[in-house]
1. When you go through (1) in a helix (DSSP H, G or I); (2) more than 25 Å from the chain's Cα centre (by Cα); (3) surrounded by fewer than 16 Cβ atoms within 10 Å (Cβ to Cβ); (4) not hydrophobic (A, V, I, L, M, F, W, C) one by one for LYS175, which number turns out not to apply?
2. Please go through (1) closer than 30 Å to VAL391 by Cβ; (2) surrounded by 24 or more Cβ atoms within 10 Å (Cβ to Cβ) for ARG110 and return the number of the only condition it doesn't satisfy.
3. What do you reckon, is ALA28 touching a Lys or Arg at 6+ places or on another chain (Cβ under 9 Å) and more than 23 Å from VAL261 (Cα to Cα)?
4. Among GLY254, GLY230, GLY225, GLY260, which is at pLDDT 80 or above, in a helix (DSSP H, G or I) and closer than 19 Å to LEU170 by Cα?
5. Pairs under 7 Å by beta carbon, first residue at pLDDT 75 or above in the range 299-321, partner of a type in the set (A, V, I, L, M) and in a loop (DSSP other than H, G, I, E, B), six or more apart or different chains?
6. Any residue in the range 331-352 that is in a helix (DSSP H, G or I), closer than 30 Å to ALA386 by Cα and modelled with pLDDT under 85?
7. Quick check on the range 15-25. Is at least one of its residues among the hydrophobic types (A, V, I, L, M, F, W, C) and over 30 Å from THR331 (Cβ atoms)?
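The values are calculated or read from the model by the stated rules, or taken from the named source; none is laboratory data. Predicted model, so just to flag it, every value in this text is computed and none were measured. Note that we place each Cβ from the backbone using ideal geometry, even for glycine, and neighbour counts take in every protein chain shown.
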Amino acid sequence: MLIIAQHGEIFIILACAFGFFMAWGVGANDVANAMGTSVGSKAITIKQAIIIAVIFEFLGAWLAGGEVTSTIRGGMIDPDLLDGNPELLVYGMLSALLAAAIWLMVASARGWPVSTTHSIVGAIVGFGAVGLGVEAVAWGQVGTIASSWVVSPLLAGSIAYMLFKTVQYLIFEAKDPFAAARRYVPMYAFLVGFVVAMVTLTKGLTHVGLDLSFGQSLLFSILIGLVVAGLGVLLERRVSVLPLPADDHFGYAGVERVFGVLMIFTACAMAFAHGSNDVANAVGPLAAVISVVQSDGVIDSAALVPWWVLILGGGGIVFGLVTYGHKVIATVGTGITELTPSRGFAATLAAATTVVLASGTGLPISTTHTLVGAVLGVGLARGIAALNLRVIGTIVMSWLITLPAGAGLAIIFFFMFKGIFG
């Protein structure tokens with residue numbers, strides 16, 4: 001208690017600095033990953049991707065981000081074990097933020113799309129196991145999160161594979177692809193509207209007074225999907241038929257341009273979902289430190305997140321994407337397989353659908369693994385030769401390293417902070 005009273009302001013300043021650094025890492029790695037399919041397929045430019053991400057990531061973090069932060073703070077470590085030594089929680093959360101941020105910086109520099117959730121969870125598990133004792137860690141939770149390494153890419157990849165196969169069969173293999181597109185694109189537009197709405201509503205907008213059940217969200221999403229389908233009909237009438245270059249055997253440029261427009265909607269959905277879900281990785285530990293300091297050492301895993309902390313997290317995410325996001329965008333957008341707007345649309349919609357299924361059923365997923373799995377599914381739909389297996393191997397290796405890397409760095413920083421502050 002005395003240490004908290006003596007160094008409280010320093011702890012909050014360090015937590016804000018490390019929290020912003022962590023949010024920067026989320027923006028540099030995870031957001032770039034979410035935008036990679038849109039940019040790689042040339043559906044939108046890098047500037048347009050940044051504008052979409054700036055708006056929707058920030059809105060997701062600010063409006064819906066506060067709902068998921070308690071999981072990161074209270075779900076991995078038993079808070080009862082810290083009642084007598086609240087300063088240990090402060091050291092641990094500071095070390096977890098710094099460790100995860102440094103690992104994300106390294107991964108982003110190498111162009112590796114890694115999970116920010118797994119980075120911070122690995123760091124919290126590391127300090128908890130060594131600083132508090134192995135029994136302090138909720139190993140069941142860790143196992144659940146580890147299972148998402150398999151669940152996320154398999155589910156998203158399967159959905160993306162089936163979705164792109166339907167696009168191939170119904171549109172690109174038709175005698176007149178453009179006429180087929182005019183017939184079937186409203187159906188895909190409905191799916192986009194439905195999934196965008198479900199992603200937004202199931203994430204919960206209680207900060208603006210909107211708290212719907214899953215059933216209510218489903219009903220509203222169907223209505224929104226029908227509206228978007230109507231807009232799709234109006235939109236396709238304005239798309240002209242232009243022949244593609246001779247080396248492209250898929251049909252007409254107009255078809256890809258329609259899918260490019262649909263991708264803007266799915267990119268917005270993924271940005272909002274990502275901002276609301278993954279801002280917790282940066283602001284959760286930060287909010288825990290603020291809560292402990294302001295309550296003079298009382299640990300409350302369900303403490304509310306101050307509004308300015310969500311803005312700090314949202315700002316850091318946006319800054320990370322703008323300054324350092326291009327390398328991971330290149331890996332996801334062009335490194336795994338060649339993307340066109342129709343392929344990117346299938347991948348992004350599959351990833352958004354997986355997020356909705358996870359929200360409704362409680363499945364453990366990683367946004368990063370979901371998107372990479374969806375891109376893999378689209379590549380497999382064209383045959384194994386369409387995949388860059390060397391890049392895929394490097395990505396899987398980086399996933400396996402993430403938890404131990406976060407844990408190892410957090411252990412070092414935990415004992416460093418313990419030595420500095422006593």
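1. In the conditions (1) in a helix (DSSP H, G or I); (2) more than 25 Å from the chain's Cα centre (by Cα); (3) surrounded by fewer than 16 Cβ atoms within 10 Å (Cβ to Cβ); (4) not hydrophobic (A, V, I, L, M, F, W, C), LYS175 misses (1) alone.
2. All conditions are met except number (2).
3. Details: touching a Lys or Arg at 6+ places or on another chain (Cβ under 9 Å): yes; more than 23 Å from VAL261 (Cα to Cα): yes.
In short, yes.
4. On the way: GLY254 fails: at pLDDT 80 or above; GLY230 fails: closer than 19 Å to LEU170 by Cα; GLY225 fails: closer than 19 Å to LEU170 by Cα.
On inspection, the qualifying residue turns out to be GLY260.
5. From residues that are at pLDDT 75 or above, the pairs are LEU310/VAL279; GLY313/VAL279; GLY314/VAL279; ILE317/VAL279.
6. Of the range 331-352, the ones in a helix (DSSP H, G or I) are 331-335, 341-352.
Then drop every residue that is not closer than 30 Å to ALA386 by Cα, which leaves 331-335, 341-352.
Those still in the list that are modelled with pLDDT under 85 too: 352.
Checked the range 331-352: at least one residue is in a helix (DSSP H, G or I), closer than 30 Å to ALA386 by Cα and modelled with pLDDT under 85.
7. yes
Here is a yes/no grid of residues against (1) closer than 30 Å to HIS274 by Cα; (2) hydrophobic (A, V, I, L, M, F, W, C):
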{"position": "GLN168", "(1), (2)": "yes, no"}
{"position": "ALA174", "(1), (2)": "no, yes"}
{"position": "PRO177", "(1), (2)": "no, no"}
{"position": "ALA180", "(1), (2)": "no, yes"}
{"position": "MET187", "(1), (2)": "yes, yes"}
{"position": "PHE190", "(1), (2)": "yes, yes"}
{"position": "MET198", "(1), (2)": "yes, yes"}
